[in-house]
Amino acid sequence: MTAQRPAGAIARRPVVVGRIDRALAVTGTVVEAAGAGDGWSAPTPCAGWDARTTLNHLVGGMRIYTAELTGTDAGGEHHDDWLGTDPVGAFRAAAEADRPAWHRAAATDADLAEMTVRLGFGTVPGPLAALIHLMEVLAHGVDLAVAVGRTDLVDQWQCADLLARLRRVGLDDFRRPGLFGPELPVPESAAAHVRLSAFLGRTVQGLPAG
């Protein structure tokens, strides 16, 4: 999995891995707030999904990523019940496994460049897999924050940074049923989390859907 580096080259941890760390921390704060308010039945910007369903999807994805990165068995399918009676604890445990898995598998830029990760729709290069994972953790954290009325906890800087990255990469290949809808128009003056959600095809806080 590790690429050879020229003699004297400096091994750097990929920026995206640091972004994943930060997104896990922020989304964890949102999950704690949702649990404190017992907001699991609140509807989210993900059409047809309440907060519990959204969190279960996120935790299942985190477990599957961890299994792929570590060569282990996730222990279930993506949309099995991963939360049980303790949604907050389930997220916390998944994050505690997910974070070190990325640190070990993608310890340097060269490691990440050499990786491939098998996802539900196919095998993708490591850098794209990491970006998709970052998007899942951050965007679903936003979904939960919107659902329980705690957008004050959202990391607006990271939402803006991720949106810029996604615009460079483009999502056209992923805009299909079950993944992402078409980008929705919102004012450029809208908060970064609203613009990110609109780019991913979600309507947030009553803004126009088209």
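Every number in this text was worked out from the coordinates using simple rules, so none of it is lab data. Not measured: the values here are computed from a predicted model. Ideal geometry is used to build each Cβ from the backbone, glycine not excepted, and the neighbour counts take in all protein chains shown.
Figures for the structure shown
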| item | result |
| --- | --- |
| Ordering of 71-79, 139-147, 104-112 by burial proxy (mean other Cβ atoms within 10 Å per residue, highest first) | 139-147, 104-112, 71-79 |
| Mean separation of Cα contacts under 8 Å, 6 or more apart, over the residue count of the range 12-151: relative contact order % | 39 percent |
| Label-to-label distance, nm, for residues given as ARG167 and ALA47 (7 Å Cα→Cβ offset) | 2.5 nm |
| Lys, Arg +1 and Asp, Glu -1 on Cβ, resulting dipole of the range 15-155 about Cα centre, debye, nearest 20 | 160 debye |
| For the range 5-115, Kirkwood radius (reciprocal of mean inverse C-alpha pair distance, Å) | 15.2 Å |
| Note, ³J(HN,Hα) from phi for the range 60-72, Karplus 6.51, -1.76, 1.60, rounded to Hz, x at Gly and Pro | x, x, 4, 5, 5, 4, 4, 4, 5, 6, 9, x, 10 |
| Pair THR72, ALA160: separation of 7 Å Cα→Cβ label points (nm) | 3.8 nm |
